[in-house]
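Worksheet: the structure to be examined is printed underneath.
The values are calculated or read from the model by the stated rules, or taken from the named source; none is laboratory data. Every value quoted in this text rests on a predicted model; they were computed, and no experiment measured them. Note: ideal-geometry Cβ built from the backbone for every residue, glycine included; neighbour counts use all protein chains shown.
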Amino acid sequence: MARVRRMRTQEPTYWKSDFRVTEQELDFLTGVILERGQPASLDTLVTALMFQLIQTEKERAARQVSDGEVYRPADTYETGQTLYFTDRDMATATVVSTRPGVNPRYDAFTVVRVAFQDGTEAEFASGLDIEHPLNRPLDELVGASEEDLADEEILATYAPYVAPVVEQALHQDHGWIHFDGVWFLNELLPEFHVGHLNLAEAAIYEAGVPLPVSEMLARLDLGLAGSQQAQLFSLNHALANDERFINVGTRTAQNWFLRALMPAAAVARPAVHAEPFRPEGHEYVGLTMLDVIEALGDELDSLPGASINEGRDIAFQVSFPHLYAGTMPAGRRLLALFTYEQGQRLPITLVDGRNGKSFSAWLVPDEGYVAGLGDWYKQVGMVVGGLVTVTNSDQPNTLKLSVTVPRSSSSGWVRQASVDDNALVLQMQLGRIGVRHDAATLIDVADPAAIAGLMARTLESDRSLYALVKAVFAELAKLSPQGVASCQALYSAVNMYHRSGAVPVFAILTRSACFDPVGSGDWAYDGSLEGTEYETPDDMRERPLSRRNDLARDQVVHYAATGEASDGA
Amino acid sequence: MALRWQRPTLDTRFHIDLSWWVEQGRDIRVYLADLLCDECAGTLTQLSADQMIDSVNPQTGEVHQVDPLWDSLISCCSHKPEYLSDDIPIVDGVFRILVANGNRALSVRELHERLGKRSPEVILRTLTAGEVYLGLRPYRA
């Protein structure tokens, strides 16, 4: 049999939509912190508050049962008596008058007129011992029922609804302060002044490695008041609000370092890497392009199911954005070598394979790169198109970088990039390259800052990738007697306008009718087919609109489609 | 502004127009008394003609003073099987359903659900055939 009145805290609507944080709730939460004497997570506060609300309602119901003032038609009442009405969410009313009831179907009964606290009046039957849902034992009317959820079940079910409401209320209350999901009272915060923070800065300088606040406190011995937890919270909070410091750890396990000691790309994504064109997966590309994509090793192309050479060393060709920012790609295979959490910046060691010298760098998993290679790139004379091999080391968080110095040191014709009239200009010039490289992607850059400036302006102009591919094709084709350009060179040059993975560039070549593959990775352009795209994998392979006799047909596949049959086979 | 006449549909709500009974010079209470079950018919003889009684809400215990005739029909007689027997004509059935509902208007579809026989279209056609039976008319709020 259904119970007449469910506890408010048993009702989904109470937690999902009616629950509000009032001064009363805030006072309780303040008490939780005061009692603990240390910060508390939002989960802890929500749990404590929900249990408190459940318990309070139970106690109130128990009091009403013991008082015997819950309205039941079978009971009799006197003028002046206060009653609780279970069907009106335990509204209280006072009996103001009584009179005999008239209904020949019942034995003699009384009608009581009651006045509710909101001023309304109503009449109720009393002394009427008939079968009626309210004529039940008091504990059934106001107490627990078998249908009720246990306290823990209420918490598990409704805490996700309550937590955001509590969090918002704490945010809006000036008495509360938070740091990475942990809340504390402003009043209890041990004060860290600038002198303390200067000492913290010195401690990190001295250690030369990121420090957790617990270690900083131990080193500094500041003699502050408050519990250890309060001091840790306070120091974390103070460091987070000082621009000098950066948390390179996780949200829950902070590890503090100095921005001044980190390469810029480890702190924030550089402009040359901004808003990249990324593959979404399932783009159509030529089958032979898969090897090229793998050889380029661009982290933007590193999608699940994309890698075809899992067992080999990790290799990449240096693109302009990486060279300029002193970064290197950290795709899925490289990231799999490390243990990290979201948002973390992991200090790692890189070892120069030529001489065994090691240097510090930062793995930034969220950005997909390793930062801190600027000096090393300069030392080895790195160029756009330079080949680097990465191998794992026996040492923890350590990678070995290998480049090869060519035996021949003679100079040769090299593509060189410059900027003229806000456009990339490519010319062949005599030059000497000091590292092994891929001739297809090799582009020497005399003035890197000018190219970086071009990239910044391109970012503002919002030019499409297709427009950029066309622009660099024109530049590259003029350097070729056949008027063609390789897909690798197009990728390399596009990355001097805007950061892009290879796949988005290759996908444009594959589906655009104005571009035709002519073998060896080279592509030709036919302006009369401008704007026409092939829709099916068969057309992308056969290219029925092409007027070229030297067309090279390449099977077309979906990129990063593991286990999927090739579409153009 | 005069209300515009609209052709009744299956969603048109009907009620018992008490003014129709007055216009026809007929006493609806006499008709209603015939619908009482034996038990209630006996009980009501103990009351004077215009006496009100205290109706007790079956869920809340709240008391309202009501006409004992209507109250008996709503709270007792209409719950008995013979109140809406299978052989009852459509018009009488609709009338009894509306009495049991406290004369709160119901659509033809709702009437059909409660009557449990014939189609809604037949019920609509019967109620709108021309002559008004038992004051059953479309309800205008």
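Structure data summary
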| item | result |
| --- | --- |
| Qualifying positions in the range B:24-49 - within 14 Å of A:Asn103 (Cα to Cα), assigned to a loop (DSSP other than H, G, I, E, B) and in contact (Cβ under 8 Å) with a residue 12 or more places away in the chain | B:Leu47 |
| Residues being in contact with a helix residue (DSSP H, G or I) (Cβ under 8 Å, 6 or more places away or on another chain), of a type outside the set (A, V, I, L, M, F, W, C) and part of a helix (DSSP H, G or I) - total across the range A:19-35 | 1 |
| Yes/no for A:Gln52 being away from every other protein chain (no Cβ under 14 Å) and over 16 Å from A:Arg8 (Cα atoms) | no |
| Residues of the range A:419-441 satisfying the condition of being assigned to a strand (DSSP E or B), within 22 Å of A:Gly483 (Cβ to Cβ) and within 37 Å of the chain's Cα centre (by Cα) | A:Ala423, A:Leu424 |
| Residue satisfying condition, being touching a residue at least 40 places away in the same chain (Cβ under 8 Å), more than 24 Å from A:Gly119 (Cβ to Cβ) and among the hydroxyl-bearing types (Ser, Thr, Tyr), within set A:Thr76, A:Thr56 | A:Thr76 |
| A:Thr47 at pLDDT 90 or above, away from chain B (no Cβ under 14 Å) and assigned to a loop (DSSP other than H, G, I, E, B) | no |
| Residue under evaluation B:Asp17, criteria (1) crowded, with 16+ Cβ neighbours inside 10 Å; (2) more than 20 Å from B:Val132 (Cβ to Cβ); (3) among the charged types (D, E, K, R), criterion not met | (2) |
| Selection status of A:Gly453, on the phi > 0 side of the Ramachandran plot, under 34 Å from the mean Cα position of the chain (by Cα) and at pLDDT 90 or above | no |
| Test for A:Leu479: is it out of contact with any His (no Cβ under 9 Å at 6 or more places or on another chain) and part of a loop (DSSP other than H, G, I, E, B) | yes |
| Residue in the range B:36-50 that is farthest from A:Arg105 (Cα to Cα), counting only those that are within 11 Å of another protein chain (Cβ to nearest Cβ) and surrounded by 13 or more Cβ atoms within 10 Å (Cβ to Cβ) | B:Leu47 |
| Any hit, the range B:67-77, residues being more than 14 Å from chain A (Cβ to nearest Cβ) and either surrounded by 18 or more Cβ atoms within 10 Å (Cβ to Cβ) or of a type outside the set (D, E, K, R) (or both) | no |
| Members of the range B:78-104 found to be without any contact (Cβ under 8 Å) to a residue 40 or more places away in the chain and either out of contact with any Lys or Arg (no Cβ under 9 Å at 6 or more places or on another chain) or within 14 Å of another protein chain (Cβ to nearest Cβ) (or both), listed by number | B:His79, B:Pro81, B:Ser85, B:Asp87, B:Pro89, B:Gly102 |
| The range A:255-276, subset farther than 30 Å from A:Asn198 by Cβ and surrounded by 19 or more Cβ atoms within 10 Å (Cβ to Cβ), residue nearest to the chain's Cα centre (by Cα) | A:His273 |
| Those residues of the range A:75-105 which are buried (at least 17 other Cβ atoms within 10 Å of the Cβ), within 12 Å of chain B (Cβ to nearest Cβ) and not in a strand (DSSP E or B), in sequence order | A:Asp75, A:Tyr77, A:Thr86, A:Asp87, A:Gly101, A:Val102, A:Asn103, A:Arg105 |
| Candidates A:Gly37, A:Gly68, A:Gly31, filtered to the one that is over 28 Å from B:Pro58 (Cβ atoms) and at pLDDT below 85 | A:Gly37 |
| Unique residue being within 30 Å of A:Val114 (Cβ to Cβ), basic (Lys, Arg) and surrounded by fewer than 16 Cβ atoms within 10 Å (Cβ to Cβ) when the list is B:Arg140, B:Arg125, B:Arg104, B:Arg118 | B:Arg104 |
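Table: residues versus (1) touching a strand residue (DSSP E or B) at 6+ places or on another chain (Cβ under 9 Å); (2) closer than 20 Å to B:Thr43 by Cβ; (3) outside any helix (DSSP H, G or I).
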{"position": "B:Ile88", "(1), (2), (3)": "no, no, yes"}
{"position": "B:Ile97", "(1), (2), (3)": "yes, no, no"}
{"position": "B:Gly102", "(1), (2), (3)": "no, yes, yes"}
{"position": "B:Leu111", "(1), (2), (3)": "yes, no, no"}
{"position": "B:Arg125", "(1), (2), (3)": "no, no, no"}
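Rundown of residues vs (1) surrounded by fewer than 13 Cβ atoms within 10 Å (Cβ to Cβ); (2) at pLDDT below 80; (3) out of contact with any strand residue (DSSP E or B) (no Cβ under 8 Å at 6 or more places or on another chain), yes/no style:
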| position | (1), (2), (3) |
| --- | --- |
| A:Gly181 | yes, yes, no |
| A:Phe184 | no, no, no |
| A:Tyr205 | yes, no, no |
| A:Leu220 | no, yes, yes |
| A:Leu235 | no, no, yes |
| A:Ala238 | no, no, yes |
| A:Phe245 | no, no, no |
| A:Thr250 | no, yes, yes |
